[in-house]
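Asks: Have a look at the structure that comes next, please.
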Amino acid sequence: MDQEKIGKFITTCRKEQNLTQEQLAEKLGITYKAVSKWECGKGLPDASIMIELCKILKITVNDLLSGEKVKEKEYQEKLEQNIIDTIDYTDKKVSKKNKLIYEMLMFFGLGLIFIAFTIYPTDSSWGAIHSIMGLLLSTLGFINLKSGKTIIKKIFLGLGYFMIIFILLLMLDYSNVVLNKVAPRFSYLKETNDTMIIYKALFYNVYRINRNTKNEYYIIDTEKKYTEGNIPITPFNRAKSGIENIIQYQNKYVGNNSNDSHLIDNLPLAEYGYVFEIDSKNLGLTIDYHITDWYINENHYLEKSLLYNSVSIFALIANVETITFNFSSKTYTLSRKEISELYPNYKEIVNNGINQTNFNKYVETKMNDDNFVEDTFKKIFAS
């Protein structure tokens, strides 16, 4: 069916009837832009107005679809050809419309995934639910775009598309977990207790410890070697204050202000603000915290922090001899000799520099033992 030829024929017939595009459009109850579109060969009149159009132009439907006035001897042949062309045109129009719908469905699904990743927090189940919904919609659109394929081929193509996008989403989610230390979106199980939340994903687990506190931290267990019973737990932010991080600030000399500042900033209590000063002559370090000591001592947090900070500083700064911790109501002072003699297993912690395994065993883990903390604190910081 030659749309351009039909368009020129409509123009000719319209002019023979002394009608403008606007007048023809008014008679048909449509806009003149629709008439202009026909005459430019960019479309055909709808079947619902085709008979009325032919009456106005004083032609037959067969003439209209042929793009010329059909001779009587060719009428039957042209009629049959026009029926076939009309069916073909309609099929193509429907197919084009369906293709647009399926493309919109496919990209709407991908857009829903993007929105789910953008709007919902990572630990919200709605983010995962809407992501899967978006993926299913996108897969449905993708399958239906594969016209001419058998049902079996469509199913395999759809499964392949679904798996590729889903794997990409899992990789993106894992990257976000590792880089930003957040909960995974695609966890199939979420377990909550008093101190932590455990997110179980397909290939790894994530432990969110000290949840909703200033010292919240995440442990990503790709080997699935941890359980709720053996996961390393401290009252501090382990990612920041753990020996694996603070060992980078190990130094032979107190007085390297940049190094000392970084070390103190990563230790517990820094979250309340502080200033520090160095006594180079006596190799002393004084830290003034901007808070009252008793105000932060729920669950022995003050005692745990002072013990942890003391062992960390003496272990990592080789020549510091005394440390003074000042609060708005009280001062705590101790020496290297006191810590080495009174803190249990201190020598094993600093054996040949610093032993990270022993540090975790005798310092980090011990901060969860309230009786150990109370007894050791009284020994070391006795008035």
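Values in this text are rule-based calculations from the coordinates and carry no lab data. Treat the numbers as computed from the prediction; the structure is a model and nothing was measured. Positions of Cβ are backbone-derived with ideal geometry, glycine not excepted, and every protein chain shown enters the neighbour counts.
Asks: Which net charge results for the neighbourhood of F156, defined as the other residues with beta-carbon distances under 13 angstrom from its beta-carbon, given Lys and Arg at +1 and Asp and Glu at -1?
Replies: Values: positive: K146, K149, K153, K154; negative: none.
My count for the surroundings of F156 gives +4.
Asks: What helices does the chain hold that run 27 Å or longer along their axis, going by alpha-carbon atoms, with a Kyte-Doolittle average of 0.5 or more, using DSSP H for the helix calls?
Replies: 125-145, 151-180
Asks: Now a separate question. What residue among A47, A128, A315 has the largest mean-square fluctuation in a Gaussian network model of the chain, using Cα springs under 10 Å?
Replies: A47
Asks: Continuing with this model, one more query. Over the Cα atoms of segment 94-180, Rg to Rh with Kirkwood Rh, two decimal places?
Replies: 1.06
Asks: I would also like to ask the following. Given +1 on the Cβ of Lys and Arg, -1 on the Cβ of Asp and Glu, and no further charges, what dipole in debye does segment 1-82 carry about its Cα centre, rounded to the nearest 20?
Replies: The calculation lands at about 220 debye.
Asks: Between K181 and K93, how high is the FRET efficiency from 1/(1 + (r/R0)^6) when r is the Cβ-Cβ distance and R₀ = 56 Å? Nearest 0.05.
Replies: 0.55
Asks: Under the √(5λ) rule applied to the eigenvalues of the Cα gyration tensor, what semi-axes describe the equivalent ellipsoid of segment 3-70? Give them in Å, descending. All intermediate terms of the calculation are to be shown ahead of the outcome.
Replies: On the way: eigenvalues 47, 32, 27 Å².
The three semi-axes for segment 3-70 are 15, 13, 12 Å.
Asks: Also: Counting Lys and Arg as +1 and Asp and Glu as -1, each charge on the Cβ, what is the dipole of segment 94-180 about the Cα centre in debye, to the nearest 20?
Replies: 680
Asks: Subtract the Cα-Cα distance of K330 and N256 from 0.36 nm times their separation in residues, and report this length gain in nm to one decimal.
Replies: So the chain would gain 24.0 nm between K330 and N256.
Asks: Could you check the spin-label model distance between L140 and K214? Points 7 Å from the Cα along Cα→Cβ, value in nm.
Replies: 5.0
Asks: Oh, and also: Calculate the FRET efficiency for K71 and L110 from the Cβ-Cβ distance with a Förster distance of 51 Å, rounded to the nearest 0.05.
Replies: Here the calculated transfer efficiency is 0.40.
Asks: Which whole-number percent gives the relative contact order of the chain, counting Cα pairs below 8 Å spaced six or more residues apart?
Replies: 8
Asks: Continuing with this model, one more query. Exceeding 20 Å between C-alpha atoms, which entries from my cross-link table qualify? They are K42/K146; K15/K37; K37/K73; K33/K96. Provide the component values of the computation, followed by the final result.
Replies: On the way: K42/K146 27 Å; K15/K37 16 Å; K37/K73 32 Å; K33/K96 22 Å.
Where the Cα-Cα span goes over 20 Å, the pairs concerned are K42/K146; K37/K73; K33/K96.
Asks: Treating cross-link reach as a plain straight distance, find the lysines whose alpha-carbon is under 18 Å from the alpha-carbon of K361, omitting any fewer than eight places away in the same chain.
Replies: Candidates past the 8-residue exclusion: K225, K240, K304, K347.
Asks: Okay, next question. If I stretch the segment between L189 and N352 completely, what's the gain in nm (0.36 nm per residue apart, minus their alpha carbon distance), one decimal?
Replies: Additional length available on full extension: 54.3 nm.
Asks: Diagonalise the Cα gyration tensor of segment 187-233 and give the resulting equivalent ellipsoid semi-axes, square root of 5 times each eigenvalue, largest first, whole Å.
Replies: Values: eigenvalues 57, 26, 18 Å².
Listed largest to smallest, the semi-axes of segment 187-233 are 17, 11, 9 Å.
Asks: Kirkwood-based Rg over Rh for segment 153-266 (C-alpha set), two decimals?
Replies: 1.15
Asks: Looking at the chain, what % of the alpha carbon pairs are farther apart than 37 Å?
Replies: Result: 54 percent of Cα pairs exceed 37 Å.
Asks: Let me ask something else. How big is the gap, in Å, between the Cα center of segment 8-41 and the Cα center of segment 163-182?
Replies: The distance from the Cα centre of segment 8-41 to that of segment 163-182 comes to 58 Å.
Asks: Compute the Cα gyration tensor for segment 239-380, then decide on rounded, prolate or oblate, letting a ≥ b ≥ c be the square roots of its eigenvalues: rounded whenever a/c is under 1.5, prolate when a/b is larger than b/c in the other cases, and oblate in all that remain.
Replies: Since a/c stays below 1.5, the shape of segment 239-380 is classed as rounded.
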